[in-house]
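These notes are about the structure you will find just below.
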Amino acid sequence: MWDWQYTLSFMPDLMKALITTISATLVGFLLAVVLGLPLVLGRRSNFKPLALLTTGFIEFFRSTPLLAQIYFIFYVFPKYGISFSPFAAGVIALGLHYATYLSEVYRSGIESIPKGQWEAAAALNFSRIRTWVSIIIPQAIPPVVPVMGNYLIGMFKDTPILSAITLVEILQTAKIIGAHSFRYLEPITMVGILFLLLSYISSVGVRKLELRLNQRY
């Protein structure tokens with residue numbers, strides 16, 4: 001039977017762990033958003049070595065498991081003098097992994113821009129940077145915001161993987177609570193409810209952002 005007194009007793013620990021989960025998600029997603037754009041630009045570069053190198057990087061991270069990448073960054077890098085805390089290693093792995101997917105999202109948005117837009121910018125003698133900043137990016141980003149939002153929610157649900165490198169996030173906290181009391185129903189159920197609520201809030205926020213961007217541009 002469900003025990004509300006027991007549930008209330010562990011909720012402070014669960015909420016504290018939730019902050020770690022949300023922090024890892026937001027920082028990792030910010031890293032993915034920032035890295036995704038230079039990846040797609042590198043892939044579209046006319047300089048063949050750069051395009052091939054970027055394509056190989058993207059395909060490698062998309063074709064290998066996120067868990068293996070996390071293990072490699074946290075356990076293998078220290079052998080070469082590069083050490084990270086569990087949080088930093090997890091955020092870097094999440095950011096790099098999802099940056100490769102967001103680069104493809106960016107690419108789809110960029111390639112949806114009509115060729116006439118590029119020709120108009122050239123006719124107006126816009127520099128390449130001004131063309132990207134003033135014409136291409138403002139038109140390419142709004143249509144792909146829903147897809148980016150889906151990846152944000154996906155990253156949020158992937159954070160339990162970080163427990164493999166000793167980062168105590170919300171699901172790991174629930175497992176520890178259950179192991180101490182031999183009651184898993186309440187902590188695991190509350191984790192599921194919290195994931196559901198935050199995923200719903202995120203989807204609503206992404207939808208509002210999409211509407212605002214469409215109105216602006």
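The values are calculated or read from the model by the stated rules, or taken from the named source; none is laboratory data. Please read these numbers as outputs of a predicted model, since none were measured by experiment. As a convention, Cβ positions derive from the backbone with ideal geometry for all residues, glycine included, and neighbour counts pool all protein chains shown.
Numbers for the structure displayed
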| item | result |
| --- | --- |
| Residue in segment 134-172 that is farthest from I22 (Cα to Cα), counting only those that are of a type in the set (G, A, S) and over 14 Å from the mean Cα position of the chain (by Cα) | S134 |
| Members of segment 158-185 that are among the basic types (K, R) and at pLDDT 90 or above | K175 |
| Odd one out for M190, checked against (1) out of contact with any Ser or Thr (no Cβ under 9 Å at 6 or more places or on another chain); (2) in contact (Cβ under 8 Å) with a residue 60 or more places away in the chain; (3) not β-branched (V, I, T) | (1) |
| Residue count, segment 148-196 (criterion: of a type in the set (A, V, I, L, M), over 22 Å from A68 (Cα atoms) and crowded, with 17+ Cβ neighbours inside 10 Å) | 6 |
| Among the candidates T21, T100, residue that is within 25 Å of I170 (Cα to Cα), touching a residue at least 40 places away in the same chain (Cβ under 8 Å) and of a type in the set (S, T, N, Q) | T21 |
| Helices (runs of 4 or more DSSP H) within segment 49-133 that include 2 or more residues within 23 Å of G154 (Cβ to Cβ) and under 22 Å from the mean Cα position of the chain (by Cα) | 66-71, 86-111 |
| Scan of segment 39-48 for residues that are touching a residue at least 40 places away in the same chain (Cβ under 8 Å) and in a helix (DSSP H, G or I), ordered by number | L39, V40, R43 |
| Filter result for E186 (touching a Phe, Trp or Tyr at 6+ places or on another chain (Cβ under 7 Å) and over 23 Å from A51 (Cβ atoms)) | yes |
| Verdict on F57 being surrounded by 12 or more Cβ atoms within 10 Å (Cβ to Cβ), among the aromatic types (F, W, Y) and without any contact (Cβ under 8 Å) to a residue 12 or more places away in the chain | no |
